[in-house]
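The values are calculated or read from the model by the stated rules, or taken from the named source; none is laboratory data. As the structure is a computational prediction, the values presented were derived from the model and not from experiment. Note that we place each Cβ from the backbone using ideal geometry, even for glycine, and neighbour counts take in every protein chain shown. Each accessible area value is taken on the protein alone, full model and side chains, heavy atoms only, with ligands, DNA and RNA left out. Shrake-Rupley method; radii C 1.70, N 1.55, O 1.52, S 1.80 Å.
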Amino acid sequence: MKKFFLRTMGCQMNDHDSEVIKGLLLSLGYDQTEEIEEADLILYNTCCVRENPERKVYGNMAAYKRLKEANPNLIIGICGCMTQQKAELQNIFQQLPHVDLIFGTHNIHRLPELLARAEVGERVVEVWDEAPYAEEGQDFRENLPVERSHRLKAFVNIIYGCTNFCTYCIVPYVRGREHSRLPESVREEVAALVETGYREITLLGQNVNAYGKDLSMETSFSSLLKELNSIEGLARIRFTTSHPRDMGSDLIHAMASLDKVCEHLHLPVQAGSSRVLRRMNRGYTRENYLDLVEKVRKAVPGIALTTDIIVGFPGETEEDFEQTLSLVEEVGFDSAFTFIYSPREGTPAARYADQVPEEVKKERIYRLIELQNKISAQHIQRLVGTEQEVLVEGRDTQGLVGRTRTNRQVHFAGSEELVGELVTVEITEAGTWTLRGKVVHTQA
Ligand code: SAH
Ligand code: SF4
Ligand code: F3S
């Protein structure tokens with residue numbers, strides 16, 4: 001039996017695309033391996049949102065040349081967002097001649113044919129700029145096999161692509177225009193998942209709040225949530241990512257009133273200075289963002305707020321950066337993903353003249369991380385002594401493991417039979433990122 005080694009980089013869209021790629025490869029009779037040396041197919045599902053992971057791909061791929069020399073039948077492939085950039089595609093093609101299978105984010109469904117061609121010795125390159133949409137709401141991903149990495153929690157796409165064009169971001173160029181799935185397709189997929197035992201879904205999109213805007217029918221993200229909330233047997237609904245500009249009061253109301261929608265909101269702020277936000281083309285000011293946070297917290301008490309922040313965006317002054325620090329302090333995020341601005345070829349910000357020196361960016365990110373770590377620690381400590389609803393996800397070396405509605409990981413003692421159940425856990429201890437507790441109530 002042939003074996004594949006699959007490595008996935010980037011965001012949850014890529015994680016989920018890899019679940020489809022796995023599904024396809026298994027259906028072709030391939031088996032998965034974690035041992036790269038024994039693979040007949042090595043495939044990298046890549047990300048290009050920042051430069052560092054891209055460099056890593058080139059480094060690793062160069063090292064696989066040796067494997068290819070030892071086994072000429074080995075197929076080495078690159079897919080995902082990197083291939084969607086014209087210049088990068090050219091580089092991959094020229095600098096990595098031993099890579100023989102290259103396909104784009106809109107070509108995943110073509111994998112069986114492309115792989116068959118590679119298997120007989122052809123060097124295959126297929127990267128489409130946009131998905132081949134037959135009709136509104138139709139998508140090539142519908143009905144492809146999916147091999148999910150978890151048996152209780154599932155990713156479900158609701159909207160593909162992005163047309164926001166934040167000036168730093170490459171995603172709109174590599175993922176195509178915004179394109180919503182039909183509400184009934186989403187509902188069917190979720191209902192089928194619940195039927196097979198799934199308890200939690202995470203709805204995916206670069207901007208889930210834009211869901212439905214491209215469809216001719218009357219629908220919205222909040223009405224989709226309402227519809228999914230009525231599916232019996234489903235315990236939890238999560239979603240990512242929300243754009244602050246499109247976060248309307250209907251969505252806040254839905255989060256407050258729908259029992260399955262968890263109290264966690266990932267709301268990337270990117271910067272605390274309105275001047276920087278304007279240059280980023282984010283479509284909101286510092287004040288808009290703070291107002292929004294206040295509304296959300298009022299409507300959904302105890303909600304966990306997480307965010308993404310970029311430091312060293314072109315033209316960011318010390319004063320601008322201090323506004324980011326003060327916003328972080330004022331909001332008090334549960335946690336934050338922090339990034340050093342990385343110029344991406346083809347995006348407007350990469351051409352701005354006032355790029356921030358690397359040392360300055362580094363110094364700023366250290367200060368930001370230090371502040372956020374302090375705040376994160378306060379948040380997690382506050383949970384000690386509280387009772388939390390936990391979905392029991394499985395067992396690891398530290399006992400049963402699950403997550404709170406606010407997406408905190410908790411370990412506790414208990415029997416295997418609780419896996420898949422909602423239990424109430426009293427939190428007894430807090431580490432840096434995870435909690436320990438004891439079960440005080442089971443609903444089963
Ligand atoms: N669609 C999501 C995020 C997609 S990318 C959103 O709009 O929030 C994930 C994160 O990567 C972004 O939120 C941003 O913080 C970061 N990012 C995007 N482009 C970047 C760049 N050029 N340099 C550094 N960080 C970047
Ligand atoms: Fe990138 Fe902005 Fe789209 Fe998010 S909303 S994917 S940051 S362009
Ligand atoms: Fe990266 Fe593509 Fe996601 S660029 S962040 S994997 S959409």
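Tell me which residues, restricted to region 5-29, are part of a loop (DSSP other than H, G, I, E, B) and either within 16 Å of ligand 1 (Cβ to nearest atom) or open to solvent by less than 10 Å² (accessible area, probe 1.4 Å) (or both). Let's see the steps before the verdict.
Step one: list which residues in region 5-29 are part of a loop (DSSP other than H, G, I, E, B), which gives 9-11, 28-29.
Listed by number, the residues that qualify are Met9, Gly10, Cys11.
Could you please give the count of residues in region 138-177 that are charged (D, E, K, R), more than 15 Å from the chain's Cα centre (by Cα) and farther than 18 Å from Gly23 by Cβ?
So the count comes out to 1.
Report, by residue number, each residue of region 392-434 that is surrounded by 17 or more Cβ atoms within 10 Å (Cβ to Cβ), of a type in the set (A, V, I, L, M, F, W, C) and out of contact with any Lys or Arg (no Cβ under 6 Å at 6 or more places or on another chain).
Correct list: Val392, Leu400, Val401, Val410, Leu418, Val419, Leu422, Val423, Val425, Ile427, Ala430.
Looking at region 272-284, which of its residues are in contact with a helix residue (DSSP H, G or I) (Cβ under 8 Å, 6 or more places away or on another chain), on the phi < 0 side of the Ramachandran plot and either within 12 Å of ligand 2 (Cβ to nearest atom) or open to solvent by 10 Å² or more (accessible area, probe 1.4 Å) (or both)?
Residues satisfying the conditions are Ser274, Arg275, Leu277, Arg279, Met280, Arg282, Tyr284.
If Gln85 satisfies all but one of (1) within 16 Å of ligand 2 (Cβ to nearest atom); (2) under 28 Å from Gly212 (Cβ atoms), what's the number of the condition it fails?
(2)
Every residue in region 328-384 that is assigned to a loop (DSSP other than H, G, I, E, B), open to solvent by less than 50 Å² (accessible area, probe 1.4 Å) and away from ligand 3 (no atom under 16 Å from the Cβ), please.
Step one: of region 328-384, the residues assigned to a loop (DSSP other than H, G, I, E, B) are 332-334, 341-347, 352-357, 382-384.
With open to solvent by less than 50 Å² (accessible area, probe 1.4 Å) added as a condition, the list becomes 332-334, 341-342, 344, 346-347, 356, 383.
Scanning region 328-384 gives Gly332, Phe333, Asp334, Val356, Leu383.
Of the residues Glu218, Glu232, Glu294, only one is at negative phi, among the charged types (D, E, K, R) and not in a loop (DSSP other than H, G, I, E, B); which?
Working: Glu218 fails: not in a loop (DSSP other than H, G, I, E, B); Glu232 fails: not in a loop (DSSP other than H, G, I, E, B).
The unique qualifying residue is Glu294.
I'd like to verify a number: residues in region 159-178 that are surrounded by fewer than 22 Cβ atoms within 10 Å (Cβ to Cβ) and either among the small types (Gly, Ala, Ser) or away from ligand 1 (no atom under 13 Å from the Cβ) (or both), how many?
The total comes to 2.
Could we say that Tyr198 is of a type in the set (Phe, Trp, Tyr), away from ligand 3 (no atom under 16 Å from the Cβ) and open to solvent by less than 20 Å² (accessible area, probe 1.4 Å) here?
Numbers: of a type in the set (Phe, Trp, Tyr): yes; away from ligand 3 (no atom under 16 Å from the Cβ): yes; open to solvent by less than 20 Å² (accessible area, probe 1.4 Å): no.
Spelling it out, it is not the case that Tyr198 is of a type in the set (Phe, Trp, Tyr), away from ligand 3 (no atom under 16 Å from the Cβ) and open to solvent by less than 20 Å² (accessible area, probe 1.4 Å).
For region 124-146, enumerate the residues that are under 23 Å from Met82 (Cα atoms) and either in contact (Cβ under 8 Å) with a residue 60 or more places away in the chain or out of contact with any strand residue (DSSP E or B) (no Cβ under 8 Å at 6 or more places or on another chain) (or both).
Kept after step one, since they are under 23 Å from Met82 (Cα atoms), are these residues of region 124-146: 124-133, 139-141, 144, 146.
Listed by number, the residues that qualify are Trp128, Asp129, Glu130, Pro132, Phe140, Arg141, Leu144, Val146.
Would a scan of region 191-208 turn up a residue that is assigned to a helix (DSSP H, G or I) and within 23 Å of Val293 (Cβ to Cβ)?
As a first pass, look at region 191-208 and keep what is assigned to a helix (DSSP H, G or I): 191-195, 208.
Right, trim to within 23 Å of Val293 (Cβ to Cβ) and you get 208.
For region 191-208, residues assigned to a helix (DSSP H, G or I) and within 23 Å of Val293 (Cβ to Cβ): present.
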